[in-house]
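Heads up, the thing below is written out as structure tokens.
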Amino acid sequence: MDDYSIEYMIKKRKGNSRYLPILGWILVILLAIAGYRFFAVLFIVAILLGAALIYFSPKLNLEYEYTFVAGELTIDKIFDKSSRKQAGNFLMADMELMAPEGHPRLDEYKNFKGRIKDFTSGFENKEIYILVFRSKGEVEILRAECGSEIAEAIKMRYPSKVAR
């Protein structure tokens, strides 16, 4: 039972950020032309803005990969389908509660003052789960869109910690 692995991927909604690189490159071109013709300082600003666009543009195309293996949930961020960064590694033994968003058992965490980590796509009408972890006296809350397979595996393995 501990040897199975479930993976689930979601693509983060881009919203209006998909136009930012295009507008940024148009601005770089205009600044470079103006810098070449009028003020050299604008040319330097164009080079710096171009470097910033090269660095930040891949981070706008984001996917989340959820992996559930042997009582451990790992969430990775995948940038532009080329680089990966681990966003979190959570032991299910430290989990206090897993419930669908809006469930009555989550009422005690309504006024939570700490940081809530959001690993959802941003699309409407998706099933979002709230996972509450307590480790070393600290409470950590996750918003996750981990998919029905992972949610069912967690329910089977930790039935007392999952609200239905």
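A quick yes/no check of all residues on (1) of a type in the set (A, V, I, L, M, F, W, C); (2) more than 22 Å from V69 (Cα to Cα); (3) in contact (Cβ under 8 Å) with a residue 60 or more places away in the chain:
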site	(1), (2), (3)
I116	yes, yes, no
R134	no, no, no
E149	no, no, yes
K155	no, no, no
Item to check | Selected residue (only one of A163, A151, A87 is of a type in the set (G, A, S), farther than 21 Å from L62 by Cβ and at pLDDT 85 or above) | outcome: A151
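Looking at K77, K136, K113, which is the one that is of a type in the set (K, R), farther than 16 Å from A163 by Cβ, modelled with pLDDT of 85 or more and out of contact with any Gly (no Cβ under 7 Å at 6 or more places or on another chain)?
Exactly one of K77, K136, K113 is of a type in the set (K, R), farther than 16 Å from A163 by Cβ, modelled with pLDDT of 85 or more and out of contact with any Gly (no Cβ under 7 Å at 6 or more places or on another chain), namely K77.
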Checklist entry - Do the conditions hold for L106, that is, is it assigned to a strand (DSSP E or B) and not basic (K, R)? => result no
Next on the checklist: Is it the case, given these coordinates, that N111 is of a type outside the set (D, E) and surrounded by fewer than 16 Cβ atoms within 10 Å (Cβ to Cβ)?
Outcome noted: yes
Checklist entry - Got a sec? Which of N111, N89 is without any contact (Cβ under 8 Å) to a residue 60 or more places away in the chain and in a strand (DSSP E or B)? => result N89
Next on the checklist: For a quick check of your reading of the model, give me the residue pairs whose first member lies in segment 1-28 and is closer than 30 Å to G71 by Cα, whose second is at pLDDT 75 or above and of a type in the set (F, W, Y), with beta-carbon atoms closer than 6 Å and at least 6 apart or on different chains.
Outcome noted: I6/F68; Y8/Y66; I10/Y64; R13/F123
Item to check | Within segment 114-164, tally of residues that are part of a loop (DSSP other than H, G, I, E, B), under 14 Å from E96 (Cβ atoms) and in contact with a His (Cβ under 9 Å, 6 or more places away or on another chain) | outcome: 1
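Regarding segment 19-38, can at least one residue be identified that is within 30 Å of R157 (Cβ to Cβ), within 29 Å of the chain's Cα centre (by Cα), surrounded by 12 or more Cβ atoms within 10 Å (Cβ to Cβ) and at pLDDT 80 or above?
No, segment 19-38 has no match at all.
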Checklist entry - Can Y8 be described as part of a strand (DSSP E or B), in contact with a helix residue (DSSP H, G or I) (Cβ under 7 Å, 6 or more places away or on another chain) and at pLDDT 85 or above? => result no
Next on the checklist: For segment 115-157, give me each residue that is over 23 Å from S5 (Cβ atoms) and surrounded by 20 or more Cβ atoms within 10 Å (Cβ to Cβ).
Outcome noted: I130, V132
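The values are calculated or read from the model by the stated rules, or taken from the named source; none is laboratory data. Please read these numbers as outputs of a predicted model, since none were measured by experiment. Heads up, the Cβs are rebuilt from the backbone with ideal geometry, glycines too, and the neighbour counts pull from every protein chain shown.
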